[in-house]
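K.L.:
My questions all concern the structure below.
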Amino acid sequence: MLDPTSSNDVFRVRGGAPLRGTVRLSGAKNSALKLMAAGLLCDGMVRLREVPRIADVPVMADVLRGLGVEVDLDLDGRCCAIDASEPPSWHAPSDAVTRIRASISVLGPLVARVRRARIASPGGDRIGSRPLDMHLRGLIAMGAEVEEDGGEVDVRAPELHGAQITLDFPSVGATENLLMAATLADGTTIIENAAREPEIQDLCRMLEAMGAHIEGVGSPTLEIEGVDRLAPVDWETCPDRIEAGTYAMAAAATGGDVVIERVRASDLTLPLLKLRSAGMVVEEGADTLRIKAGDLEAVDVVTLPYPGFPTDLQAQLMVLLTQATGTSRCTENVFDSRFDFVEQLRRMGADIEIDGHHALIRGPRRLHGVRLRSLDVRTGAAAAIAGLVAEGETIVSDVHHVDRGYADFVARLRALGADIDRVPASDVDG
Ligand code: UD1
């Protein structure tokens, strides 16, 4: 299991050491959680490998157990077996559901398998409004009736059928839910303006291996022909491109030299282009990447759905750009409160100006250690990187957010030579 962690722990970081060495990627958080939910679609066993050792995974296992499904999770062995041979219950338990955003991914599979789902509004990072309108509109088009009461949404679809759905925006969660619902619906569903993140492609490939009929995997138009049942499968989770990007930025920001193993460079085309434009040397191997320090220069970056630059790497990039010469412009297009962290970087000495969803970062600036707070999974990692760059000691609180998305974060950074440890908050108070 995960090491015992306390929500009161902090990271104590002393900056200055360039990161050097090798890090092997975990399975992708945003894939593994959805592959687990897809276990609900199968009336047999779904076995997953390369399941990441992160805190969201046991929560998702609890969501599934709360639906009556047998889940055998071995985080040390990085595997998980999900047995939904018996049809699951349709009412998801709200205590686990409200802890992670990805719990909403049981909606589509439940509607597909038992034609009904009742689920509380999911939790997860507080990174701006995260409505469900696209998920629900798509299910209504497929014949579902939706009621919302008491903070829960109740979806009934005794006759779930195929439909032509055009999303307003390529939402990751809505694409996944509608895709999974469509696999067992009557007839053909077409999802236009679908999201095509590598994690969605991973989900599509696993569903295909289970017998689903899906055309257009990796494209903005998915065509799914419903089947009667999906068969058991044994599947390896794709590598975490956001984890790769995070370690690459940490290497770049500290002037280091890091090899990332079990990586798919093709999932990181734009982030690698931006790192190269920013002056880093990036060497691509068969399933490795070597990131070597160079003279950092300003770059302009716009976050967009895949294959655009991922919003989940925006905070880490901002830290990197504080070290680059010139003025960089970073535009956030996916979530509406993803610059909240900037105020903390300013306290470290960063020169960042915000104008709506644009940020201007002037560099290089010498950062100095202060107390920082993780606001979500990614700003927690960004705060640690800022600490590795800064002079003196940085304390990062609320690191339980980092546990949700990064496996063995402190141990891996230490193995790369970082001066970081995790201690109870009481050790640094005063
Ligand atoms: C997923 C990822 C998250 C990543 C995000 C964008 C998981 C568990 N999380 O989140 O790490 O940052 O993709 O790459 O996989 N929206 C609506 N209505 C909807 C659905 C979404 O307006 O019905 C909006 C959201 O408020 C947001 C945007 O669409 O502004 C993108 O959201 P979406 O792609 O759905 O992200 P998530 O699936 O929540």
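The values are calculated or read from the model by the stated rules, or taken from the named source; none is laboratory data. Just so it is clear, the structure is predicted and the values come from calculations on it, not from any experiment. In this analysis, Cβ positions are derived from the backbone assuming ideal geometry, glycine residues included, and neighbour counts consider all displayed protein chains. The accessibility values were calculated without ligands, DNA or RNA, using every heavy atom of the protein model including side chains. Shrake-Rupley method; radii C 1.70, N 1.55, O 1.52, S 1.80 Å.
K.L.:
For Arg116, are the conditions met, namely being over 20 Å from the mean Cα position of the chain (by Cα) and either modelled with pLDDT under 95 or more than 16 Å from the ligand (Cβ to nearest atom) (or both)?
P.N.:
Yes; evaluated as a whole, the condition is true for this residue.
K.L.:
Exactly one of (1) touching a His at 6+ places or on another chain (Cβ under 8 Å); (2) assigned to a strand (DSSP E or B) is unmet by Phe339. Its number?
P.N.:
Failed condition: (2).
K.L.:
So Leu289 fits all but one of (1) closer than 27 Å to Arg365 by Cβ; (2) crowded, with 23+ Cβ neighbours inside 10 Å; what number is the exception?
P.N.:
(1)
K.L.:
Just to be sure, is Ile200 within 16 Å of the ligand (Cβ to nearest atom), at pLDDT 95 or above and either open to solvent by 20 Å² or more (accessible area, probe 1.4 Å) or over 18 Å from Ala120 (Cα atoms) (or both)?
P.N.:
Criteria met by Ile200.
K.L.:
For the stretch 67-100, name all the residues that are over 19 Å from Glu236 (Cβ atoms) and either within 16 Å of the ligand (Cβ to nearest atom) or open to solvent by less than 40 Å² (accessible area, probe 1.4 Å) (or both).
P.N.:
Once the filter is applied, which keeps residues that are over 19 Å from Glu236 (Cβ atoms) and either within 16 Å of the ligand (Cβ to nearest atom) or open to solvent by less than 40 Å² (accessible area, probe 1.4 Å) (or both), the stretch 67-100 yields Leu67, Val69, Ala84, Pro88, Ala92, Pro93, Ala96, Val97, Thr98, Arg99, Ile100.
K.L.:
For residues in the stretch 130-146 being more than 13 Å from the ligand (Cβ to nearest atom) and of a type outside the set (Gly, Ala, Ser), which is nearest to the chain's Cα centre (by Cα)?
P.N.:
Filtering first and then ranking leaves Met142.
K.L.:
Right, next: Got a sec? Which of Leu345, Leu313 is assigned to a helix (DSSP H, G or I) and touching a Pro at 6+ places or on another chain (Cβ under 8 Å)?
P.N.:
Going through Leu345, Leu313 in turn, just one is assigned to a helix (DSSP H, G or I) and touching a Pro at 6+ places or on another chain (Cβ under 8 Å): Leu313.
K.L.:
Quick one: which of Ser26, Ser89, Ser85 is at pLDDT 95 or above and touching a Lys or Arg at 6+ places or on another chain (Cβ under 8 Å)?
P.N.:
Checking each option against the conditions leaves just Ser26.
K.L.:
Right, next: If you check Glu148 against the conditions, is it assigned to a strand (DSSP E or B) and open to solvent by 60 Å² or more (accessible area, probe 1.4 Å)?
P.N.:
Yes.
K.L.:
Which of the following residues is free of Cβ contacts under 8 Å to residues at least 12 places away in the same chain and among the hydrophobic types (A, V, I, L, M, F, W, C): Ala265, Ala286?
P.N.:
Ala286
K.L.:
Of all residues in the stretch 53-64, count the ones that are crowded, with 24+ Cβ neighbours inside 10 Å and touching an Asp or Glu at 6+ places or on another chain (Cβ under 7 Å).
P.N.:
1
K.L.:
From Leu270, Leu313, Leu317, grab the single residue that is within 22 Å of Pro170 (Cβ to Cβ), surrounded by fewer than 21 Cβ atoms within 10 Å (Cβ to Cβ) and within 16 Å of the ligand (Cβ to nearest atom).
P.N.:
Leu270
K.L.:
For Val227, indicate whether it is open to solvent by 10 Å² or more (accessible area, probe 1.4 Å), farther than 19 Å from Met36 by Cα and more than 17 Å from the chain's Cα centre (by Cα).
P.N.:
yes
K.L.:
May I ask you to list the residues in the stretch 147-162 that are within 16 Å of the ligand (Cβ to nearest atom) and within 15 Å of Gly108 (Cα to Cα)?
P.N.:
Answer for the stretch 147-162, where residues must be within 16 Å of the ligand (Cβ to nearest atom) and within 15 Å of Gly108 (Cα to Cα): Val153, Val155.
K.L.:
Something else now. Quick check: anything in the stretch 272-293 small (Gly, Ala, Ser), under 20 Å from Gln201 (Cα atoms) and touching a helix residue (DSSP H, G or I) at 6+ places or on another chain (Cβ under 8 Å)?
P.N.:
Taking every residue of the stretch 272-293 in turn, none turns out to be small (Gly, Ala, Ser), under 20 Å from Gln201 (Cα atoms) and touching a helix residue (DSSP H, G or I) at 6+ places or on another chain (Cβ under 8 Å).
K.L.:
Is it the case that some residue within the stretch 76-89 is outside any loop (DSSP other than H, G, I, E, B) and either over 19 Å from Leu203 (Cα atoms) or not assigned by TED's automatic domain parsing to the domain that holds Arg156 (or both)?
P.N.:
Within the stretch 76-89, none of the residues are outside any loop (DSSP other than H, G, I, E, B) and either over 19 Å from Leu203 (Cα atoms) or not assigned by TED's automatic domain parsing to the domain that holds Arg156 (or both).
K.L.:
Additional query: Filter the stretch 362-394 down to the residues that are away from the ligand (no atom under 16 Å from the Cβ), open to solvent by less than 10 Å² (accessible area, probe 1.4 Å) and outside any loop (DSSP other than H, G, I, E, B) and list them by number.
P.N.:
Leu372, Ala383, Ala384, Ile385, Ala386, Gly387, Leu388, Thr394
K.L.:
Answer yes or no as to whether Ile140 is open to solvent by less than 10 Å² (accessible area, probe 1.4 Å) and on the phi < 0 side of the Ramachandran plot.
P.N.:
No.
K.L.:
In the set Ser328, Ser266, which member is within 21 Å of Asn30 (Cα to Cα) and among the hydroxyl-bearing types (Ser, Thr, Tyr)?
P.N.:
Going through Ser328, Ser266 in turn, just one is within 21 Å of Asn30 (Cα to Cα) and among the hydroxyl-bearing types (Ser, Thr, Tyr): Ser266.
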